[in-house]
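K.L.:
Provided herewith is a single structure, encoded as structure tokens, for subsequent inquiry.
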Ligand SMILES: Cc1ncc(COP(=O)(O)O)c(C=O)c1O
């Protein structure tokens with residue numbers, strides 16, 4: 001293991017645990033003496049069958065997924081899910097007329113979801129943080145949810161804006177008898193999931209779970225029978241679940257890599273240990289930002305993301321120097337999303353505390369030399 005490897009703060013595709021990369025590398029041409037790499041095996045064969053079964057079992061175990069949820073591997077990423085969800089949930093609307101979907105717009109990704117859903121539903125924005133520049137989320141009691149909506153969608157960690165739900169709303173307690181759909185792409189497996197509040201959760205793999213190209217979806221069993229007739233078969237939860245994620249050829253190598261990441265998560269001590277590490281990493285970085293005169297993060301403190309930390313320099317003309325010197329110091333991909341500007345440090349599960357410490361040390365040094 002090379003200590004000279006830089007720390008990579010990309011928002012996704014993102015850094016992977018080095019142990020996982022090395023293991024995949026060692027198995028790339030010959031998985032477990034089969035004489036084949038995973039990319040070369042039939043998805044219907046025994047070897048891939050073992051990989052898939054073990055991966056699903058580890059996901060269920062590590063994330064404590066209840067038995068009444070299907071775990072399915074899908075394709076098309078998070079954005080395809082903005083269509084897959086309405087097509088799967090709106091075939092049997094509760095009231096006559098156009099089906100309804102309510103959205104909590106807390107940042108760029110939930111906004112995109114609400115726009116896409118308009119193709120399938122009467123999509124209603126029950127809360128938008130846009131006027132506040134996506135820096136906070138109002139108390140759930142102030143959201144304008146419709147009691148007869150067919151589902152409510154939120155993004156539990158807004159990757160671009162850096163806003164995280166540290167607890168999910170309880171729709172039943174808010175008087176809404178509809179499933180909650182959660183885009184948890186950028187913080188899945190970083191903390192325990194509140195399954196009792198969730199109907200459907202989905203996550204593109206490329207942040208916390210593995211390489212791009214596979215999406216993990218968790219679907220409550222009773223929601224598997226409500227698809228619209230226009231839903232493509234390859235995107236219908238019911239058929240994909242019934243075929244154990246092999247309705248069509250699944251992204252086998254990406255699934256294998258997700259399996260290695262879950263093995264790694266287990267070896268780290270599971271979700272409790274990983275969450276404790278994530279809390280420590282986020283505290284280290286936010287404390288450094290808050291104590292500084294050069295850096296700032298404007299997210300309302302209770303809503304700050306543990307995974308994606310956007311920050312700005314007081315003098316934006318220093319941005320290029322910051323990025324160039326950070327790169328020289330072995331700190332990669334810190335440039336903020338173009339819609340927000342400034343910097344963003346994504347500190348997913350695979351980012352060690354030492355990486356955040358190296359970033360904080362660099363930020364102190366940069367501030368001292370550019371004050
Ligand atoms: C929270 C969230 N949702 C959805 C997406 C879109 O995912 P994809 O590019 O896999 O479609 C992203 C991508 O970064 C994301 O961060």
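K.L.:
From the list 134, 103, pick out the single residue that is crowded, with 20+ Cβ neighbours inside 10 Å, at positive phi and touching a residue at least 24 places away in the same chain (Cβ under 8 Å).
P.N.:
None of the other options fit; the residue is 134.
K.L.:
Do you know which residues across the stretch 148-161 are part of a loop (DSSP other than H, G, I, E, B) and in contact with a helix residue (DSSP H, G or I) (Cβ under 9 Å, 6 or more places away or on another chain)?
P.N.:
Scanning the stretch 148-161 gives 150, 159, 160, 161.
K.L.:
What is the number of the single condition among (1) within 16 Å of the ligand (Cβ to nearest atom); (2) in contact with a strand residue (DSSP E or B) (Cβ under 7 Å, 6 or more places away or on another chain) that residue 112 does not meet?
P.N.:
Failed condition: (2).
Okay, residues lined up against (1) within 16 Å of the ligand (Cβ to nearest atom); (2) closer than 15 Å to residue 124 by Cα; (3) out of contact with any strand residue (DSSP E or B) (no Cβ under 9 Å at 6 or more places or on another chain); (4) not assigned by TED's automatic domain parsing to the domain that holds residue 148:
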residue: 61; (1), (2), (3), (4): no, no, yes, no
residue: 71; (1), (2), (3), (4): no, no, no, no
residue: 74; (1), (2), (3), (4): yes, no, no, no
residue: 86; (1), (2), (3), (4): yes, yes, no, no
residue: 90; (1), (2), (3), (4): no, yes, no, no
residue: 95; (1), (2), (3), (4): no, no, yes, no
residue: 98; (1), (2), (3), (4): no, yes, no, no
residue: 101; (1), (2), (3), (4): no, yes, no, no
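K.L.:
In the list 338, 281, 327, 312, which residue meets the criterion of being in a helix (DSSP H, G or I) and either over 20 Å from the mean Cα position of the chain (by Cα) or surrounded by fewer than 21 Cβ atoms within 10 Å (Cβ to Cβ) (or both)?
P.N.:
327
K.L.:
Another question about this same structure. In the set 234, 217, which member is farther than 23 Å from residue 24 by Cα and within 15 Å of the ligand (Cβ to nearest atom)?
P.N.:
Exactly one residue qualifies, and that residue is 217.
K.L.:
Can you run down the residue pairs with Cβ atoms below 8 Å, 6 or more apart or on separate chains, where the first is in the stretch 347-371 and modelled with pLDDT under 95 and the partner is surrounded by 14 or more Cβ atoms within 10 Å (Cβ to Cβ) and not in a helix (DSSP H, G or I)?
P.N.:
That search, which allows pairs on different chains as well, returns 370/294; 371/294.
K.L.:
With respect to residue 128, determine if the residue is touching a residue at least 24 places away in the same chain (Cβ under 8 Å), on the phi < 0 side of the Ramachandran plot, in the same structural domain as residue 258 (by TED's automatic domain parsing) and surrounded by fewer than 24 Cβ atoms within 10 Å (Cβ to Cβ).
P.N.:
Taking the combined requirement at face value, the residue does not satisfy it.
Residue by residue, here is whether (1) more than 15 Å from residue 98 (Cα to Cα); (2) more than 20 Å from the chain's Cα centre (by Cα) holds:
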site	(1), (2)
115	yes, no
123	no, yes
130	yes, yes
136	yes, no
140	yes, yes
143	yes, yes
148	no, yes
154	yes, no
157	yes, no
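The values are calculated or read from the model by the stated rules, or taken from the named source; none is laboratory data. Fair warning: this is a prediction, and the values are worked out from it, not measured in the lab. As a convention, Cβ positions derive from the backbone with ideal geometry for all residues, glycine included, and neighbour counts pool all protein chains shown.
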